[in-house]
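Here is the structure we will look at.
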Amino acid sequence: MKKKLYYAIPFIVIPALLLLLELFDNSGIIEMSPYVMAAFLMVACAVFGFFSSSEHFSDYLLTLILPLSLFCFTFIGGFLDENDIGARFSLDRAVQVSFQPFFSLMYACMAAVTFLTSIKAFRNLKKRN
């Protein structure tokens with residue numbers, strides 16, 4: 001049960017992180033830019049990878065789940081987006097939003113950071129102290 005919950009948490013944390021950044025942008029605390037969003041996502045991926053509980057060389061499932069959580073969030077955001085004519089629930093718009101070049105790059109970077117930080121030798125550093 002604990003592992004299933006650990007693998008479900010990214011589907012809550014990644015959207016919550018992006019919504020929190022949007023809130024900070026609207027209140028003027030942090031100005032939103034792709035660099036800020038990428039930095040926060042990479043730190044979140046590094047934390048998830050470092051605290052992985054997998055016994056394998058690397059946590060391959062988490063490497064797949066973290067970019068998938070961002071993809072699901074952007075897909076749903078594009079699907080529920082309201083355009084100029086007021087149309088909602090557009091599958092075409094959802095695909096366009098989720099496959100933008102920035103997000104495609106973020107999927108690859110998130111997978112790479114998660115894979116590298118979930119390598120068992122790197123995770124064993126936290127046990128030394």
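Out of the residues in segment 52-102 meeting the condition of being polar (S, T, N, Q), without any contact (Cβ under 8 Å) to a residue 60 or more places away in the chain and open to solvent by less than 70 Å² (accessible area, probe 1.4 Å), tell me which one is nearest to K3 (Cα to Cα).
Top of the filtered list is S53.
Answer with yes or no whether V43 is under 23 Å from S118 (Cα atoms), open to solvent by 50 Å² or more (accessible area, probe 1.4 Å) and more than 9 Å from the chain's Cα centre (by Cα).
Considered against the rule, which asks whether it is under 23 Å from S118 (Cα atoms), open to solvent by 50 Å² or more (accessible area, probe 1.4 Å) and more than 9 Å from the chain's Cα centre (by Cα), V43 comes out as yes.
State all residues of segment 19-41 that are touching a Leu at 6+ places or on another chain (Cβ under 8 Å) and under 19 Å from F71 (Cα atoms); if no residue qualifies, say none.
V36, M37, F40, L41
Return the only residue of L5, L21 being hydrophobic (A, V, I, L, M, F, W, C) and over 15 Å from the mean Cα position of the chain (by Cα).
Of L5, L21, the one residue that is hydrophobic (A, V, I, L, M, F, W, C) and over 15 Å from the mean Cα position of the chain (by Cα) is L5.
Scan segment 81-102 and give yes if some residue there is modelled with pLDDT under 90, within 16 Å of the chain's Cα centre (by Cα) and part of a loop (DSSP other than H, G, I, E, B), otherwise no.
Looking through segment 81-102, none of the residues is modelled with pLDDT under 90, within 16 Å of the chain's Cα centre (by Cα) and part of a loop (DSSP other than H, G, I, E, B).
Considering (1) part of a loop (DSSP other than H, G, I, E, B); (2) under 27 Å from K126 (Cβ atoms); (3) open to solvent by 40 Å² or more (accessible area, probe 1.4 Å), say which one I12 fails and leave the rest.
In the conditions (1) part of a loop (DSSP other than H, G, I, E, B); (2) under 27 Å from K126 (Cβ atoms); (3) open to solvent by 40 Å² or more (accessible area, probe 1.4 Å), I12 misses (1) alone.
The values are calculated or read from the model by the stated rules, or taken from the named source; none is laboratory data. Since we're looking at a predicted model, the values are computed, not measured. In this analysis, Cβ positions are derived from the backbone assuming ideal geometry, glycine residues included, and neighbour counts consider all displayed protein chains. When the accessible area is computed, the model is the full protein with side chains, heavy atoms only, and any ligands, DNA or RNA have been set aside. Shrake-Rupley method; radii C 1.70, N 1.55, O 1.52, S 1.80 Å.
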